[in-house]
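A short write-up of the structure that comes next.
Derivation of every value follows stated rules applied to the coordinates shown; laboratory data play no part. Given the structure is predicted, the values throughout are model-derived calculations rather than measurements. Virtual Cβ from ideal backbone geometry, glycine too; neighbours counted across all protein chains shown.
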Amino acid sequence: MDIAPVLARLVGAALLGIGITSLLTRTKEQFELMLMLKIIWSASAIVGFVWSLAEGAAVAMWAVMITFIFFLGLWSYYQWKP
């Protein structure tokens with residue numbers, strides 16, 4: 001069995017879980033915790049993308065990594081905005 005479909009489903013499940021949980025947050029504390037989770041998740045995903053690209057991953061990975069970089073910047077702004 002190829003591992004790629006399993007990993008794609010795992011990432012999809014993580015995206016759904018984080019997205020639905022974000023919709024259900026009600027308090028400022030919950031929002032701040034979800035924001036920190038998204039920052040840590042996107043930063044670690046970027047490290048994984050860089051590592052995979054260094055090992056010769058498909059060029060399409062750049063588009064996905066740029067998306068994660070955008071969201072890391074956006075979420076970081078809202079976490080540490082003045």
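Some notes on this structure:
- For the chain, with +1 on Lys and Arg beta carbons and -1 on Asp and Glu, the positive-most of Ser44, Thr27, Ala13 along the dipole: Thr27
- Largest first, the extents of the alpha carbon coordinates of the chain on the three principal axes equal 42, 30, 15 Å.
- Length added when fully stretched, Thr67-Ile18, from 0.36 nm per residue minus Cα-Cα: 16.0 nm
- Added length on full extension, which subtracts the Cα-Cα distance from 0.36 nm per residue, Ser52 to Leu33: 4.0 nm
- Förster radius 22 Å - calculated FRET efficiency between Ser44 and Ala4 (Cβ-Cβ, nearest 0.05): 0.70
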